[in-house]
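Asker: Before we start, here is the structure in question, set down as structure tokens.
The values are calculated or read from the model by the stated rules, or taken from the named source; none is laboratory data. Not measured: the values here are computed from a predicted model. Cβ coordinates were reconstructed from backbone atoms using ideal geometry, including for glycine residues, and neighbour counts include every protein chain displayed. All accessible areas refer to the heavy atoms of the entire protein, side chains included, with ligands and DNA or RNA removed. Shrake-Rupley method; radii C 1.70, N 1.55, O 1.52, S 1.80 Å.
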Amino acid sequence: MDQLLQQTLSGVATGVIYASLALALVMIYRATESVNFAQGEMAMFSTYIAWTLIQAGIPYWAAFLLTVAVSFIGGVLIERIVVRPVETAPILNHVIVFIGLLVILNSLAGWIFTYTEREFPSPFADRPLFHGMITSHDLGVIGVTLCVLVLLFLFFRFTPLGLAMRAAAQNPASAKLAGIRVGWMLAIGWGLAAAVGAVAGIMVAPVIFLDPNMMSGVLLYAFAAALLGGISSPGGAVFGGLIVGVLENLVGTYLIASELKVAVALALIVITLVVKPSGLFGPRFVRRV
Amino acid sequence: MALLLEVKDLKAYYGPVEALHGIEFAVEEGGVTTLLGANGAGKTTVLRAVCGMIARSGDIRLAGVRIDAAPTERIARMGVAQAPEGRGTFVNLSVEENLRVGAYVRRERKSVASDLERMYQYFPRLAERRHQQAGTLSGGEQQMLAIARALMLRPRLLVLDEPSFGLAPLVVAKIFEIMAAVRREERVSILLVEQNAALALELADHAYLLETGKIVMAGTSRDFERHDQVRRSYLGY
Amino acid sequence: MSASFLTTVFTPHGTGTDGQALSRQARLAIALALAIAIGLPWFVSGYSTLRLTKAAIYAIALLGLNLLTGYNGQISLGHGAFFAIGGYTSAIMMHRWGVPFYFTIPPAGALSFAVGVLFGLPALRLEGLYLALVTLSMAVATPQFLKYFDSWTGGSQGIVLKKPAPPAWLAIGTDRWLFYLALVALVLVFWAGRNLLIGRTGRALIAIRDHPISAKAMGINIALYKTTAFGVSALATGIAGALGAVVAGFVSPDSFDVFLSISFLVGSVVGGIATISGALFGGFFIEYVPTLASDISDAAPWAIYGLFLLAFMYLMPKGIAGTLATAIARLRRARDANAALAGRRSGKQTLTS
């Protein structure tokens, strides 16, 4: 029983990472109807930026904030420069552009930082707490990530800009009629998604080590989590992320402890999707002919 | 009387198809102008063209400033607010959030709050449902919401696209009653597209008749009401 | 979401050069291309022949993907798995039971078809992104499955294959023989594919893609078409996989990783989704552009590849095939307009004014 709780809590710690990245995916999906497959690589690149700053002697939290700010700007620029030209193109074209972005970022990171695995510092000591139920690191990760998610929620719910962004994503034509610059709302959305991804990367790097390919597994789980929660539901994405994190951990502990655990976890998700095709919190669609 | 909106030689396009063939009309400062016509005449197209939602060419001036090449957002920021065809409701936002979106471009927070209250006075039904999700409102309520949202911009020109569409006669009458009140108290000019010619002519000072992309008649609303052909074809008596 | 996703995903490619019987010019062009293809191995090195062979094999694989994702709107990020099934079936039959290569092709195709149909069944419930995730999972899981069942697959080492030699009376090298094999397969698969897609079946697939509810109302058995489309698509890619195995001379789990599946999708879209010629252009793209990219920069070759992808999407949003079709149509219109003008000048009456 104890081990089950322990593994579950540990799963929650990875789950919040998946939840953050899943939320970033959902944010962009709601505004553009496409999934940003490059979200993981953007997060990875941000983490390298943080690493570089820390290596240069900048204190951890200053580097953290600086990286989040730079990532935000990076996200805005990527939307305006890379994504804008295909705004009106079919969605498969978006997919190819995102794949292109993914490959470019991955390759650049490998070229600039090499493929050697690096250690990434954690601001939380790794001590067991509450009779070994959870480590202080995991608790710290959960705390920071939840903080970011709550801030994001408050932003969208209670600020005028957040409202304008929601409006622009839901109904761009009406938003334009209200004078909202929909293109820039989209860009800011990408900026926020990039910032959230940066936080996820920085939080997970101490555990899985920093290398250009570190986020590909995380992205796959985040994608699965977003769909599990219902691709257009931010709350669903967070919930989905937590479930996937816990599931992965439990499968790895109790069923299969090899690489195959990825396949098994995914299989379980797939089965859920076949049973409930629009995800756990997705709306039921009535389609008009 | 100064002209707030002057439109000359307006052509509009849906892809390669020319839908408006060089039309001309105007809205007086503080006045109400209505565009009448049957289904498919191109009335909604005119409004879309004025607000920059479709490809167009011609000379469109708002208080003397050309807007025919401006994007929709800029035209809105210059003081043109439209309650579009289909209401344009933000269905997943609450009623109050819809109204706040309408006021997004305005900076002064305090007057936004008082404007909200004024909208709720014009439209008590919206006040009752202020925290309700807008998509669950009835057609009439969504139409009221669309007009209120447009008014939240504090526009110089209020553009209304078929406010009576799909609504029961009683509801329509109520809406037009409110619009008459708005016209009196808000000092806003109105460009109204309507199929319900009788109600439109009652509210408006000037009218234009649109037929397949061309203006075929222009005059005051009294002229229209007395015109035999118009009476028979559009007013039903 | 799903319906709008699908209708906005693809620009309609039902009409255009792929929708009608081949014009005389098209037939001439194909004959010319074939003649060149047949002669090519005699003018280029063995290595170049090998690469052309691989491009042809990818083209066959992509035609399968095009049929499913382009014409039928079922997005697959996992076609590498069918490529693996075809390749490993051939490899195992040759390695374990000494079956000559040619006889392994039908079973490779059949097994791929079966697995494709098996996938098509749950896929009926999934649309758009959900299907993309499931197929992506399939692609990710493929190398792991291959390593897991190592008694059959040879595990991480894979299986080494002896390339089939040309018949003794034909005095050409193995490389050229394999090229002609691939060329014959290409012609057959493309011919079969074209017949399938320009007729009733093709129209049904497109109808299902664009307006599934209307299609159903018109009596099209959606489930049957969609699962069969999955199967046929897998069949084509599986056959390509079998050919790919002998051309490479080995199969190993890591050559069928997720990036292969993603490359297939990239090739399909860059070539021109929902077209037949697009598969050919895509095959060449997949084979040649990565090495072109590393020629340009060996420090960050994939960054250059990524830039190529962006460039293609910005400049040729309808893919190579779509852009060519538009250019040809424009030339034709210009030519017809000139002819009409010339006709009028010489006093002749033209039918169109």
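Yes/no per residue for (1) open to solvent by 10 Å² or more (accessible area, probe 1.4 Å); (2) within 7 Å of chain B (Cβ to nearest Cβ):
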{"site": "A:A167", "(1), (2)": "no, yes"}
{"site": "A:G179", "(1), (2)": "no, yes"}
{"site": "A:M185", "(1), (2)": "yes, no"}
{"site": "A:G197", "(1), (2)": "no, no"}
{"site": "A:A200", "(1), (2)": "no, no"}
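Asker: Checking C:V117 against (1) out of contact with any Ser or Thr (no Cβ under 6 Å at 6 or more places or on another chain); (2) touching a residue at least 40 places away in the same chain (Cβ under 8 Å): exactly one of these is not met. Which one?
Answerer: With respect to (1) out of contact with any Ser or Thr (no Cβ under 6 Å at 6 or more places or on another chain); (2) touching a residue at least 40 places away in the same chain (Cβ under 8 Å), C:V117 is out only on (1).
Asker: Go through segment B:192-213 and count every residue that is under 21 Å from B:E6 (Cβ atoms) and surrounded by fewer than 15 Cβ atoms within 10 Å (Cβ to Cβ).
Answerer: Summing the residues that are under 21 Å from B:E6 (Cβ atoms) and surrounded by fewer than 15 Cβ atoms within 10 Å (Cβ to Cβ) in segment B:192-213 gives 0.
Asker: Tally time: how many residues in segment A:133-164 are buried (at least 19 other Cβ atoms within 10 Å of the Cβ) and more than 17 Å from the chain's Cα centre (by Cα)?
Answerer: Residues in segment A:133-164 being buried (at least 19 other Cβ atoms within 10 Å of the Cβ) and more than 17 Å from the chain's Cα centre (by Cα): 6 in total.
Asker: Here's another thing I want to ask about it. Inside segment C:216-235, can you point out the residues that are of a type in the set (G, A, S), surrounded by fewer than 17 Cβ atoms within 10 Å (Cβ to Cβ) and more than 14 Å from every other protein chain (Cβ to nearest Cβ)?
Answerer: Within segment C:216-235, C:G219, C:A223 qualify.
Asker: Separate question: I'd like to verify a number: residues in segment B:46-73 that are in contact (Cβ under 8 Å) with a residue 12 or more places away in the chain and in a helix (DSSP H, G or I), how many?
Answerer: 6
Asker: For C:I222, are the conditions met, namely being in contact with a Lys or Arg (Cβ under 6 Å, 6 or more places away or on another chain) and modelled with pLDDT under 90?
Answerer: On the way: in contact with a Lys or Arg (Cβ under 6 Å, 6 or more places away or on another chain): yes; modelled with pLDDT under 90: yes.
In short, yes.
Asker: Name the one entry in C:T275, C:T323 that is under 24 Å from C:L181 (Cα atoms) and either at pLDDT 90 or above or open to solvent by less than 30 Å² (accessible area, probe 1.4 Å) (or both).
Answerer: Answer to the selection: C:T275.
Asker: Quick one: count up the residues across segment B:147-191 that are outside any helix (DSSP H, G or I) and open to solvent by less than 40 Å² (accessible area, probe 1.4 Å).
Answerer: Adding up the residues that qualify gives 16.
Asker: Is it true that some residue in segment C:23-45 is open to solvent by less than 30 Å² (accessible area, probe 1.4 Å) and of a type in the set (V, I, T)?
Answerer: Looking through segment C:23-45, none of the residues is open to solvent by less than 30 Å² (accessible area, probe 1.4 Å) and of a type in the set (V, I, T).
Asker: Report, by residue number, each residue of segment B:1-44 that is open to solvent by 10 Å² or more (accessible area, probe 1.4 Å), polar (S, T, N, Q) and touching a strand residue (DSSP E or B) at 6+ places or on another chain (Cβ under 8 Å).
Answerer: B:T44, the sole residue that qualifies.
Asker: Under the condition of being within 29 Å of A:P59 (Cβ to Cβ) and of a type in the set (A, V, I, L, M), which residue from segment A:86-131 is nearest to the other protein chains (Cβ to nearest Cβ)?
Answerer: That would be A:L108.
Asker: So, in segment A:202-228, how many residues would count as being over 27 Å from C:L131 (Cα atoms) and part of a helix (DSSP H, G or I)?
Answerer: Within segment A:202-228, residues that are over 27 Å from C:L131 (Cα atoms) and part of a helix (DSSP H, G or I) number 7.
Asker: Can I ask one more? Just to check your reading of the model, which residue among A:R84, A:R80 is in contact (Cβ under 8 Å) with a residue 24 or more places away in the chain, closer than 21 Å to C:V269 by Cα, out of contact with any Ser or Thr (no Cβ under 7 Å at 6 or more places or on another chain) and open to solvent by 30 Å² or more (accessible area, probe 1.4 Å)?
Answerer: Values: A:R80 fails: closer than 21 Å to C:V269 by Cα.
Just one listed residue meets the conditions, A:R84.
Asker: If you don't mind, another one. From the list C:G70, C:G86, C:G128, C:G116, which residue is crowded, with 18+ Cβ neighbours inside 10 Å, closer than 23 Å to C:D210 by Cβ and more than 14 Å from every other protein chain (Cβ to nearest Cβ)?
Answerer: Criteria check complete, one pass: C:G116.
Results for (1) open to solvent by less than 30 Å² (accessible area, probe 1.4 Å); (2) among the aliphatic types (A, V, I, L, M), shown as yes or no for each residue.
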site	(1), (2)
C:F179	yes, no
C:A204	yes, yes
C:S214	no, no
C:T237	yes, no
C:V251	yes, yes
C:F256	yes, no
C:F264	yes, no
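Asker: Right, here's the next one. List pairs: first residue in segment B:209-237 and within 15 Å of B:G42 (Cβ to Cβ), second residue among the polar types (S, T, N, Q) anywhere in the structure, Cβ distance under 8 angstrom, at least six positions apart or on different chains.
Answerer: Correct list of pairs: B:G213/B:T45.
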